[in-house]
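Below: the structure, in structure tokens.
Just so it is clear, none of the values below were taken in a lab; they were calculated from the coordinates. These numbers come from a predicted model, not from an experiment. Cβ coordinates were reconstructed from backbone atoms using ideal geometry, including for glycine residues, and neighbour counts include every protein chain displayed.
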Amino acid sequence: MVAPIDPLWINDRTLTHDGAGTLESDLGPEVYQELLAGFLSHLTSQVADLENAARIGGVPAARSVAHQIKSIASSFRAVHLNELTDHLLRLDGDEGELLESLVHAIDREVSQLQAG
């Protein structure tokens, strides 16, 4: 039987946990909180990198940053951020307008995550 998904933060589409085998239960709450704080802090510079890539239409550069974010976001079960970066990873090189839109959506999601 699968445990129900409980919201970790108020916004249940941002970070969730399922109570079994999560990063928090594997590492303990103190280490988890330290890692989470580092992840959330590093997102600021990653969003800036995405914005710079979008400004010049650099889909490959944006994909590289999105891949980094997606890898860690999935570890913290930042579901919506994971979905947004996954969509960015599937962009073709000539989709600059969509890139800008996704970067803005990622920026909004990161702001919500950081606000907790």
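Below, the figures for the structure above:
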read-out	value
Residue check for Ala73: touching a helix residue (DSSP H, G or I) at 6+ places or on another chain (Cβ under 6 Å), more than 23 Å from Tyr32 (Cβ to Cβ) and surrounded by 21 or more Cβ atoms within 10 Å (Cβ to Cβ)	no
Tally, over the stretch 40-63, of residues that are in a helix (DSSP H, G or I) and in contact with a Gly (Cβ under 9 Å, 6 or more places away or on another chain)	5
Residue among Ala73, Ala78, Ala66, Ala105 that alone is more than 24 Å from Glu24 (Cβ to Cβ) and within 9 Å of the chain's Cα centre (by Cα)	Ala66
Qualifying residue in the stretch 79-97 (condition: surrounded by 14 or more Cβ atoms within 10 Å (Cβ to Cβ) and touching a strand residue (DSSP E or B) at 6+ places or on another chain (Cβ under 8 Å))	yes
Test: residue in the stretch 101-114 that is without any contact (Cβ under 8 Å) to a residue 60 or more places away in the chain, over 24 Å from Glu34 (Cβ atoms) and polar (S, T, N, Q)	yes
